[in-house]
Amino acid sequence: GYPVVMKASGARLAHKTELGLVKVGLTSASQVRDAYRELTDIARYEGVDLDGILVCQMVERGVEMVVGVTQDALFGPTVTVGLGGVLVEVMGDAAVRVPPFGEDQARAMLGELRGKVLLEGVR
């Protein structure tokens, strides 16, 4: 269903928004087709290798979060969670764990975030 968000996806692609590689609020198939062409054109122009284009249901309420899994040279796989968008970089507000872990540790990670008050509901 609509609206949807489209995001370019690539192994070395960290700053999608700054490159114009995110399109939000798309409400029709024709907008999705146009956005796909625009995203792939931008990636080609910027020399960005894409794995694909993600099409996701747009959620208009809530707190944007980032969750990622990376391979650390020392620890192996690690899971990172933080406030999404530019906040994870600007505020450096993220928590990291080495899996496996359960719900208690996942909740503890959220509790470590300086922005946790946003998750608890503001107003």
Sort the following peptides by mean Cβ neighbour count (other Cβ atoms within 10 Å, averaged over residues), highest first: 63-75, 93-105. 93-105, 63-75
When only alpha-carbon atoms count, how far does the chain stretch along each of its three principal axes, as whole angstroms with the largest first? 44, 42, 25
Compare the peptides 107-113, 11-17 by average per-residue count of other Cβ atoms within 10 angstrom and give them in order, highest first. 107-113, 11-17
Taking the Cα atoms only, what angle lies between the long axis of helix 29-46 and the longest principal axis of the chain, rounded to 10 degrees? 80 degrees
Carbon plus sulfur, as percent of the 1.4 Å-probe accessible area of the chain, comes to 54 percent
Once both axes come from the Cα atoms, what is the angle between helix 103-112 and the longest principal axis of the chain, in degrees from 0 to 90, rounded to 10? 80 degrees
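The values are calculated or read from the model by the stated rules, or taken from the named source; none is laboratory data. Every value quoted in this text rests on a predicted model; they were computed, and no experiment measured them. As a convention, Cβ positions derive from the backbone with ideal geometry for all residues, glycine included, and neighbour counts pool all protein chains shown. Protein only, heavy atoms only, side chains kept; ligands, DNA and RNA dropped before computing areas. Shrake-Rupley method; radii C 1.70, N 1.55, O 1.52, S 1.80 Å.
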